Amino acid sequence: MRAGLLLTVQRRIAGVARLVEQILLVAAGVLLVYLSIVLFLQVLFRYVLQLPLPWSEESARFAMVWFGMLAAGVAAYRGLHFNFRWGTLWMPPRARLWLRQILNVVTIALLIVVYFQSLRYLEIVANQTAPGTELNMRIPHASVTVGAIGMLLVYVCDVLDAACRAITGQTFSVREEREALMDRELAGGPTVTL
């Protein structure tokens, strides 16, 4: 009975992680479309119409920073961040799983530091205005805060999934499934595409 309840909790945790990933993905997609339009307009107005837009470059730069921070959360969910797989291939699979969870906890600690430092930085830039867009500088700098929250939620969900896995024997983490696939592929075993 307990394992069944824990399995339900584990599925809900996976649902939260998936929801966070979908929100980040949609927001990053909207920003990518915005970037494409603004950069197209910038080239059109500067080189074709000879009337450069004063706000386009700065706006695109701010959108790019937001895009990068949101996409980092999506990459964390999907297990696409860089790692040194070759450094752990000699380890047994269970040891690699534990090492990943230790690194997840270290990453969570780092993201908490980034989050709180970004809040302090938002206070510093509160009275500054961007010259081209006339935006309060809190808006572009808030990307670090929001990105840290997104990645933090993803990593916390993965650690909770791993804790539940110790009892249920199942994982719902997309990143852990990808890691298992890569381990099998590098070991020369059968592979399945996600």
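Before moving on, here are some points about what is shown:
- Here Val48, Val16 are screened, and the one residue that is β-branched (Val, Ile, Thr), modelled with pLDDT under 95 and more than 26 Å from Val144 (Cβ to Cβ) is Val48.
- None of Ser143, Ser118 is over 16 Å from Asn83 (Cα atoms), of a type in the set (Ser, Thr, Tyr) and in contact with a Phe, Trp or Tyr (Cβ under 6 Å, 6 or more places away or on another chain) except Ser143.
- Scanning the range 78-130 for residues that are over 25 Å from Arg178 (Cβ atoms), small (Gly, Ala, Ser) and surrounded by fewer than 12 Cβ atoms within 10 Å (Cβ to Cβ) returns a single hit, Ala126.
- Unique match (being in contact (Cβ under 8 Å) with a residue 24 or more places away in the chain, closer than 27 Å to Leu5 by Cα and among the small types (Gly, Ala, Ser)) among Ala60, Ala162: Ala162
- Output for the range 119-151, where each listed residue is closer than 17 Å to Ala28 by Cβ and not small (Gly, Ala, Ser): Ile139, Pro140, Val144, Thr145, Val146, Ile149, Met151
- Flag if Gln22 is in a helix (DSSP H, G or I), polar (S, T, N, Q) and farther than 30 Å from Leu152 by Cα: no
The values are calculated or read from the model by the stated rules, or taken from the named source; none is laboratory data. Small disclaimer: the values here were computed from a predicted structure and weren't measured. FYI the Cβ positions are ideal-geometry reconstructions off the backbone, even for glycines, and counts take in every protein chain you see.
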